[in-house]
Amino acid sequence: MAENPEGLGSANIDLTCALCDNGGEIASCEGKCLRSFHVTKDAGEDCQTLGYTRQQFVAMNVFLCKNCELEMYQCFACKRLGSAKTDTPEVFPCASANCGYFYHAKCVTHLLFPENEAKALEYTTKIANGVKFACPIHRCDVCKYGENKEVNELQFAVCRRCPKSYHRRCLPRKIAFEDFIDNGVFLFQRAWDGLLPYNRILIYCLKHDIDPKLRTPSRDHIKFPDVPAVRRKPFIVNGMNKKTIKIQHLEDCPPVLFSNDKRSGTVNCSSSSNLITKKRKLSCDRSSVARAKASVVSKIPFSSFPEIDTSTERRIFEFAQKVSSDITMEDIQKRLVVPSTYTPVMNNTDKITLGMVQRSVESINAALYMLENGASIEDAKTICAPCDLFQLARWKVHEFIETYFLL
């Protein structure tokens with residue numbers, strides 16, 4: 001049995017970055033993708049990150065990745081982007097409560113029914129018409145049974161690059177927890193325990209080559225939709241478009257000089273010895289400009305600034321001492337309001353997102369629909385496991401659920 005089944009709820013957030021699969025300063029997306037990211041430029045040591053500054057991130061009321069913001073998601077099978085908007089969806093979400101993956105209907109049915117073309121075609125139409133499904137990641141690739149989160153050997157090892165999972169007991173030998181040599185061939189580590197929620201194992205299956213420098217597969221697996229660029233209107237002067245002039249470097253300009261010939265309308269070229277076309281001369285000019293600016297600033301007399309007498313200086317010093325003695329670390333912590341999505345350490349993992357609640361409620365509805373239409377309990381568990389029901393109770397998310405149904 002699992003050592004701490006009750007603790008599953010306290011570690012239900014994916015604390016590994018979707019870009020680099022490492023931990024650290026992680027922010028959880030509030031949308032339906034259920035992913036986490038290194039958001040700021042300095043959050044991940046060897047991660048590309050989302051590239052926001054800390055000021056930009058703190059200013060966000062709700063953190064949504066670009067996929068969730070624009071409702072454009074990657075199919076986890078073919079990796080192509082598609083719209084998930086309800087009016088004309090191109091990709092459809094897996095109905096499992098703790099799965100954030102999306103698929104084209106045709107892609108997922110070929111994975112679910114690889115040897116039955118007729119059934120795959122039939123199910124493609126059903127998914128397009130709104131029927132919910134559990135993606136292949138919720139069935140062991142070896143024994144084809146689902147996951148039991150409360151039994152250690154029946155917990156899943158999940159690939160981070162494709163919809164493939166194994167039970168711990170079914171995990172192939174070459175997907176190992178450390179580097180090893182097999183018949184004279186060096187094999188990289190492909191499995192890590194303790195990184196994923198629900199006590200799952202993070203793996204890269206044998207389909208993906210390991211980059212020796214990264215020690216992961218290539219990190220080009222995530223695509224974000226392109227944000228449409230804002231086209232600027234042409235600048236019009238007196239009803240005419242103003243031309244844009246390309247400014248060249250001085251050394252790129254043609255070597256032309258004026259002669260002393262004062263005849264009207266004529267310009268003659270002189271010898272190249274007088275040309276100023278070298279970077280050396282140009283840099284000298286820039287430094288001379290800098291010196292000129294410095295000389296202008298230095299001419300401001302210090303006497304023009306107000307002087308502070310001794311008594312005023314003493315009162316300022318005493319006031320600073322008093323204020324510093326009154327400030328405590330508790331006061332600072334109370335004033336520092338960190339966004340609920342920002343989870344740099346483990347003690348913030350109890351922060352839940354609206355996307356997690358949405359997926360959980362949808363999975364419960366889907367499981368009920370399946371049972372009402374004759375599906376087996378085992379099939380319903382792949383959509384909504386018992387621990388997912390208990391999770392909602394532990395979250396105490398009545399307000400979140402009310403908010404979800406009002407959306």
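Dipole check for segment 69-136: with +1 at the C-beta of Lys and Arg, -1 at the C-beta of Asp and Glu, and the Cα centre as origin, the magnitude is about 80 Debye. Counting Lys +1, Arg +1, Asp -1, Glu -1, what net charge surrounds residue 179 among other residues with beta carbon under 10 Å of its beta carbon? Result for the neighbourhood of residue 179: +1. Taking the number of Cβ atoms within 10 Å of each Cβ as an exposure proxy, the fewest-first ranking of 144, 79 is 144, 79. In this structure, the pairs whose alpha-carbon distance is over 26 Å, taken from 119/174; 79/164; 85/207, are 119/174; 85/207.
Around residue 73, what is the net charge, scoring Lys/Arg as +1 and Asp/Glu as -1 over all other residues with Cβ under 12 Å from its Cβ? Overall, the nearby charge balance is +4.
Read the figures in this text as sums done on the coordinates, not as results from a lab. None of the values given here were measured: they were computed from a predicted structure. We place every Cβ from the backbone using ideal geometry, glycine too, and count neighbours over all the protein chains shown.
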